[in-house]
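The values are calculated or read from the model by the stated rules, or taken from the named source; none is laboratory data. Given the structure is predicted, the values throughout are model-derived calculations rather than measurements. Note: ideal-geometry Cβ built from the backbone for every residue, glycine included; neighbour counts use all protein chains shown.
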Amino acid sequence: MARPVHKLLRKGKRELRDNKFRVTKLCAQAYVNNFGVCGAYCQETGLSLTKEVTTQTNSWKVWATKLAQNSVVCLAMRVGIRLTVPRQRIGVGLVAVNEAHEVFMLRHVFHPYYQWGLPGGWLKKNEAPAAGVLRELWEETGLTAVLGPAVSVHHDAATAYVGIAYVGQLNPGDLQLSHEIIEAQWFPYHALPGPITTHTELAIQAAVAAVRK
């Protein structure tokens, strides 16, 4: 015969006070069957979050939540985040693919090692990635595009750089290269110019795979 529920609850409280944080599967099942507690989960090393236990062990969180709603504390938290949270450079690129599965690439004037790359550049302050990639495309080529989803996110720990690549289709228009671009050309995705960065290669592979689905 199963042990009474109140004994199982008492056992669970005792284990929590001893900092073992282990609740048996039988105890969790008793909660669900007798009280309909959806928050209880049956893991050997888990913690059953009933309303009673949560109130006893997390009362300081209720106090901290109320304190965080104070306008002065809220301002201090914002300042603290700006001063302490690390920042990383974020770049965006567009993998424009046509019906022949060719990729639109640009040859950059100021890129000595990887001259060929995707339309794109650095995000401005508080600029949305999707808006940033369309802005960079316009500035570099005078073209617009129908933007699809992001297909690749790349992180380079050595340079604190995060790159986001979108897939899209170019709209018809007159190509007007900026002073940063020396050449623009379509390439088959399996015959790209080199050398190109790893992020560019991975982004193109992901974009072509998404288009071919």
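Whenever a residue of segment 169-180 is in contact (Cβ under 8 Å) with a residue 24 or more places away in the chain, its partners that are among the polar types (S, T, N, Q) and surrounded by 12 or more Cβ atoms within 10 Å (Cβ to Cβ), lying with C-beta atoms within less than 6 angstrom and at least six residues away or across chains, give the pairs 171/144; 175/141.
I need the full set of residues from segment 112-130 which are part of a strand (DSSP E or B), touching a helix residue (DSSP H, G or I) at 6+ places or on another chain (Cβ under 7 Å) and without any contact (Cβ under 8 Å) to a residue 40 or more places away in the chain, in order please. Of everything in segment 112-130, just one residue is part of a strand (DSSP E or B), touching a helix residue (DSSP H, G or I) at 6+ places or on another chain (Cβ under 7 Å) and without any contact (Cβ under 8 Å) to a residue 40 or more places away in the chain, namely 121.
Report whether or not residue 133 is over 19 Å from residue 107 (Cα atoms), in contact (Cβ under 8 Å) with a residue 12 or more places away in the chain and in the same structural domain as residue 96 (by TED's automatic domain parsing). So residue 133 fails the test. Condition check: farther than 23 Å from residue 190 by Cα and free of Cβ contacts under 8 Å to residues at least 24 places away in the same chain. Does residue 89 satisfy that? For residue 89, the condition - farther than 23 Å from residue 190 by Cα and free of Cβ contacts under 8 Å to residues at least 24 places away in the same chain - is not met. For segment 154-190, the tally of residues that are within 22 Å of the chain's Cα centre (by Cα) and under 13 Å from residue 95 (Cα atoms) stands at 6. Within segment 91-128, the residues that satisfy the criterion of being under 17 Å from the mean Cα position of the chain (by Cα) and surrounded by 15 or more Cβ atoms within 10 Å (Cβ to Cβ) are 91, 92, 93, 123. Scanning segment 34-61 for residues that are in a helix (DSSP H, G or I) and either modelled with pLDDT under 75 or under 29 Å from the mean Cα position of the chain (by Cα) (or both) yields 34, 35, 51, 52, 53, 54, 55, 56, 57, 61. Exactly one of (1) under 19 Å from residue 169 (Cβ atoms); (2) among the hydrophobic types (A, V, I, L, M, F, W, C); (3) not in a helix (DSSP H, G or I) is unmet by residue 137. Its number? The failed condition is (3).
Is it the case that residue 131 is over 26 Å from residue 99 (Cβ atoms), surrounded by fewer than 16 Cβ atoms within 10 Å (Cβ to Cβ), of a type outside the set (Val, Ile, Thr) and in contact with a Pro (Cβ under 9 Å, 6 or more places away or on another chain)? Judged against the criteria, residue 131 is not a match. On the stretch given as segment 183-213, residues that are assigned to a loop (DSSP other than H, G, I, E, B), touching a residue at least 40 places away in the same chain (Cβ under 8 Å) and not polar (S, T, N, Q) total 6.
Going through segment 149-182 one residue at a time, which ones are in contact with a strand residue (DSSP E or B) (Cβ under 9 Å, 6 or more places away or on another chain) and part of a loop (DSSP other than H, G, I, E, B)?
Across segment 149-182, the qualifying residues are 159, 160, 171, 175, 177, 180.
For the condition among the β-branched types (Val, Ile, Thr) and part of a helix (DSSP H, G or I), residue 146 does not qualify. Contact map, segment 152-167: first residue assigned by TED's automatic domain parsing to the domain that holds residue 122, second residue among the polar types (S, T, N, Q) and not in a loop (DSSP other than H, G, I, E, B), Cβ cut-off under 6 Å, separation 6 or more or different chains; pairs are 165/152.
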